[in-house]
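The values are calculated or read from the model by the stated rules, or taken from the named source; none is laboratory data. These numbers come from a predicted model, not from an experiment. Positions of Cβ are backbone-derived with ideal geometry, glycine not excepted, and every protein chain shown enters the neighbour counts.
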Amino acid sequence: MPRPGARRALTNVADLIASGLAASADAPALQRVATDFQIRIPPQMAAAAAGAVDGPVARQFVPTAAELVVAAGSLHDPIGDAAHQPAPGLTHRYPDRVILHVTRTCDVYCRFCFRREVVGESGPLPEPELAAALAYIRATPAIREVILTGGDPLTLSPRRLAALCARIAGIGHIEVLRIHSRTPVVAPERTSPALIAVLKSVPVLYLVIHTNHADELTPAAVAALARLADAGIPLLSQTVLLRRVNDSAEALAALFRALLRHRVKPYYLHHCDLARGTGHFRTTIAEGQRIMAELRGRLSGLCLPGYVIDIPGGFGKVPVLPGYVEETGIPGRYMLRDHQGRLHPYADPEG
Ligand SMILES: *Cc1c(COP(=O)(O)O)cnc(C)c1O
Ligand code: SF4
């Protein structure tokens, strides 16, 4: 029987009940959730969740009956990955960069995932599809950056990842490889010497780590981040703003400060996307703006991510920061808002 701290991941409703993370009375509802959406909580996160069964880690990973509620406006493909797909597994929305979905598998299945209808245990992108995606990239010289995402690219074996990175690095016009992953935090044991050797072999690589609460940063996760930083790999983070997980200035300040201490630069704070069964996680944009305004001035600028929303339907990410610049109605004249909310006049140079 799996217990919190056990070596095996929790992957079904029976596991959750046996580990004390779910009540047996909830089993029928959770079984219905499980028919639509994957469950997986790796050992480190199961232990962190068990430490606070109604806490910010448990809320992100333990399924609840609230996922059966389909809110008005929810979408199967909220950020429109499929709207700009020149080859299977490839999303090309901005001219200079593409997203390559190299696998649909993750180490953990987040209950708020924006790709929750496609992630699962199907494994790596099959070779013919990968070859077609790489052929498109090769034939499109405007692409400078390839972003590996998923699923989670770091669930691939180091050997498979090495082969993939070498193929991408072999395309002359690709200047930057970026990997988005939750693995260093949720399954830190994967950040092995073999994996680090692969990452170091890529000429220009940026690693963006998805993490949403300081409680995820277990000693093992912190050690994994240190191994990556010591290997010289530039580290950034992305965080999803989630109701009752991290929707306060205190929670986000603690997370962003911890990331900076561990040599990770906060990059994006994402407004929660309109995926099916995730309405209970969504804040309003006004709440996000209020939190960001509270953080500005209070935290080092290095700690502050850009607050962005993916426009539903595949129109891309846009900043949704609160207004620091007010128009006055007179051309070239503005009022600038400081971090305490006071307004100051500003005039553009004449002519
Ligand atoms: C988010 C996203 C990117 C990366 O955007 P950046 O702002 O460069 O981080 C690229 N392509 C697609 C389709 C995306 O959704
Ligand atoms: S790790 Fe990323 S892709 Fe996987 S379930 Fe979580 S949010 Fe979705």
E117 vs. criteria at negative phi, modelled with pLDDT under 95, surrounded by fewer than 21 Cβ atoms within 10 Å (Cβ to Cβ) and not hydroxyl-bearing (S, T, Y):
yes
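Quick one: which strands (runs of 3 or more DSSP E) lie wholly within the range 297-351 and hold at least 3 residues that are in contact (Cβ under 8 Å) with a residue 40 or more places away in the chain? Explain how you work it out, then say what you get.
On the way: elements: 306-310, 317-319, 325-327, 333-337, 343-347.
So the answer is 306-310.
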Within the range 89-98, the count of residues that are at positive phi and in contact (Cβ under 8 Å) with a residue 60 or more places away in the chain comes to 0
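Tell me which residues, restricted to the range 179-194, are surrounded by fewer than 19 Cβ atoms within 10 Å (Cβ to Cβ) and either closer than 30 Å to A139 by Cα or among the hydroxyl-bearing types (S, T, Y) (or both).
Residues of the range 179-194 that are surrounded by fewer than 19 Cβ atoms within 10 Å (Cβ to Cβ), as a first pass: 189, 192-194.
Answer for the range 179-194, where residues must be surrounded by fewer than 19 Cβ atoms within 10 Å (Cβ to Cβ) and either closer than 30 Å to A139 by Cα or among the hydroxyl-bearing types (S, T, Y) (or both): just S192.
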The condition of being over 17 Å from D107 (Cβ atoms) and touching an Asp or Glu at 6+ places or on another chain (Cβ under 8 Å) holds, among A163, A214, A249, only for A249
Enumeration of residues in the range 149-167 that are of a type in the set (V, I, T) and either in a loop (DSSP other than H, G, I, E, B) or within 15 Å of ligand 1 (Cβ to nearest atom) (or both)
T149
Restricting to the range 138-167, and then to whatever is free of Cβ contacts under 8 Å to residues at least 40 places away in the same chain and aliphatic (A, V, I, L, M), can you tell me which residue is surrounded by the fewest Cβ atoms within 10 Å (Cβ to Cβ)?
A139
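Quick check on the range 99-107. Is at least one of its residues free of Cβ contacts under 8 Å to residues at least 40 places away in the same chain and not in a loop (DSSP other than H, G, I, E, B)?
In the first step, residues of the range 99-107 are kept if they are free of Cβ contacts under 8 Å to residues at least 40 places away in the same chain; the result is none.
Scanning the range 99-107 turns up no residue that is free of Cβ contacts under 8 Å to residues at least 40 places away in the same chain and not in a loop (DSSP other than H, G, I, E, B).
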List the number of the failed condition for L130; all other conditions in (1) buried (at least 16 other Cβ atoms within 10 Å of the Cβ); (2) within 15 Å of ligand 1 (Cβ to nearest atom) hold.
(2)
Subset tally (residues that are more than 30 Å from R261 (Cβ to Cβ) and acidic (D, E)) for the range 300-351:
4
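Would you be able to say whether some residue in the range 113-125 is touching a helix residue (DSSP H, G or I) at 6+ places or on another chain (Cβ under 6 Å) and not hydroxyl-bearing (S, T, Y)?
Pass one, the range 113-125, residues touching a helix residue (DSSP H, G or I) at 6+ places or on another chain (Cβ under 6 Å): none.
No, every residue in the range 113-125 fails to be touching a helix residue (DSSP H, G or I) at 6+ places or on another chain (Cβ under 6 Å) and not hydroxyl-bearing (S, T, Y).
The rows are residues; the columns are (1) part of a loop (DSSP other than H, G, I, E, B); (2) without any contact (Cβ under 8 Å) to a residue 60 or more places away in the chain; (3) within 13 Å of ligand 1 (Cβ to nearest atom).
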{"site": "E67", "(1), (2), (3)": "no, no, no"}
{"site": "V70", "(1), (2), (3)": "yes, no, no"}
{"site": "I79", "(1), (2), (3)": "yes, no, yes"}
{"site": "Y136", "(1), (2), (3)": "no, yes, no"}
Given (1) under 18 Å from H270 (Cβ atoms); (2) of a type outside the set (G, A, S); (3) within 16 Å of ligand 2 (Cβ to nearest atom), number of the condition R104 does not satisfy:
(1)
Filtering the range 11-40 for residues that are within 13 Å of V62 (Cβ to Cβ), within 26 Å of the chain's Cα centre (by Cα) and not polar (S, T, N, Q) leaves a count of 11
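Please find, within the range 176-202, the residue that is nearest to F61 (Cα to Cα) out of those that are of a type in the set (D, E, K, R) and more than 18 Å from the chain's Cα centre (by Cα).
Within the range 176-202, the first condition is being of a type in the set (D, E, K, R), and the residues that meet it are 178, 182, 189-190, 200.
Filter once more, keeping what is more than 18 Å from the chain's Cα centre (by Cα): 189, 200.
Details: E189: 19, K200: 31 Å.
The selected residue is E189.
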